[in-house]
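**Student:** Following this message is one structure expressed as structure tokens.
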Amino acid sequence: MITMFRQLETERLQLTKFQECDIDGYTLLLTDSSTHPFIVENGPIDPNVVASRIRRIRIVSESGSTLYWTIWLKSFGEYVGYVALHATNTALPVLSYAVVPNSRRQGFASEAIRAVVEFAIGDLQKNTVLARVHLNNHASCALLEANDFNRIGTIDWYSSKRLEFSLKGTTGSADIQQVERKRIEQE
């Protein structure tokens, strides 16, 4: 299934396709000591490989299985971070996001999350949206809970354990979610 990418907009933000020009902001995220532990499993990424990572993200986004948006502040054209929706070809897409340090605690992540959740439910006709967070990322847990996500458990994800959240008020049953999660893990 190929999903058509759509630019999203909020009151303060523009969510656009990842481009090569996003390299400086994305490099900041991947090399920042307070951010990289939650994005890159094996420590800070080498700044020289960020461009190839962006190219890979663009290829994956073109396939439609994962959609990545760069978050830009409309008023200043400033890079804020990214938000992504993984596994869009399944019943349980998974949200991920990161915001550069100087843009945190200003509501930008909440705006971006709401825009992508609306896209998932409206455009993609999904009944639920998941999010997975590192166990010690308390700020991200609080952000998800403030945006109507419920903590539903702990899962093994790649080389670490993650807290899993599901959007409140969605219609997927726990049994269906468990079966779908197992199917995704086996792929």
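**Student:** Being on the phi < 0 side of the Ramachandran plot, surrounded by fewer than 20 Cβ atoms within 10 Å (Cβ to Cβ) and among the aromatic types (Phe, Trp, Tyr) is true for just one of PHE119, PHE108, PHE76. Which residue is that?
**Tutor:** PHE76
**Student:** Can you tell me which residues in the stretch 9-33 are part of a strand (DSSP E or B) and either without any contact (Cβ under 8 Å) to a residue 12 or more places away in the chain or closer than 11 Å to THR70 by Cβ (or both)?
**Tutor:** Narrowing the stretch 9-33 to residues part of a strand (DSSP E or B): 9, 13-17.
The answer is LEU13, GLN14, LEU15, THR16, LYS17.
**Student:** Scan the stretch 108-145 residue by residue and report those that are of a type in the set (Gly, Ala, Ser), part of a helix (DSSP H, G or I) and within 19 Å of THR88 (Cα to Cα).
**Tutor:** Listed by number, the residues that qualify are ALA112, ALA115, ALA120, GLY122.
**Student:** Evaluate the stretch 119-131: report whether one residue or more is in contact (Cβ under 8 Å) with a residue 40 or more places away in the chain and aromatic (Phe, Trp, Tyr).
**Tutor:** yes
**Student:** Just give me the residues in the stretch 79-99 being touching a Gly at 6+ places or on another chain (Cβ under 7 Å) and in a strand (DSSP E or B), in sequence order.
**Tutor:** Within the stretch 79-99, TYR79, TYR97, ALA98, VAL99 meet the criteria.
**Student:** Could I ask something else about it? If you take the residues in the stretch 142-154 that are closer than 13 Å to ILE113 by Cβ and not polar (S, T, N, Q), which one is surrounded by the most Cβ atoms within 10 Å (Cβ to Cβ)?
**Tutor:** Only one residue tops the list, namely LEU144.
**Student:** If you check VAL100, VAL60, which single one turns out to be surrounded by fewer than 22 Cβ atoms within 10 Å (Cβ to Cβ), out of contact with any Lys or Arg (no Cβ under 8 Å at 6 or more places or on another chain), closer than 18 Å to THR16 by Cα and without any contact (Cβ under 8 Å) to a residue 60 or more places away in the chain?
**Tutor:** Going through VAL100, VAL60 in turn, just one is surrounded by fewer than 22 Cβ atoms within 10 Å (Cβ to Cβ), out of contact with any Lys or Arg (no Cβ under 8 Å at 6 or more places or on another chain), closer than 18 Å to THR16 by Cα and without any contact (Cβ under 8 Å) to a residue 60 or more places away in the chain: VAL60.
**Student:** Assuming PHE38 fulfils every condition listed in (1) under 23 Å from CYS141 (Cβ atoms); (2) modelled with pLDDT of 90 or more apart from one, which condition is it?
**Tutor:** (2)
**Student:** Looking at (1) over 26 Å from LYS126 (Cβ atoms); (2) modelled with pLDDT of 85 or more; (3) of a type in the set (Ser, Thr, Tyr); (4) touching a helix residue (DSSP H, G or I) at 6+ places or on another chain (Cβ under 6 Å), can you tell me which one THR27 breaks?
**Tutor:** If we test THR27 against (1) over 26 Å from LYS126 (Cβ atoms); (2) modelled with pLDDT of 85 or more; (3) of a type in the set (Ser, Thr, Tyr); (4) touching a helix residue (DSSP H, G or I) at 6+ places or on another chain (Cβ under 6 Å), just (2) comes out false.
The values are calculated or read from the model by the stated rules, or taken from the named source; none is laboratory data. Here the structure is a predicted model, which means the values were calculated and not measured. Every residue, glycine as well, gets a Cβ built from its backbone with ideal geometry; the counts of neighbours run over all protein chains shown.
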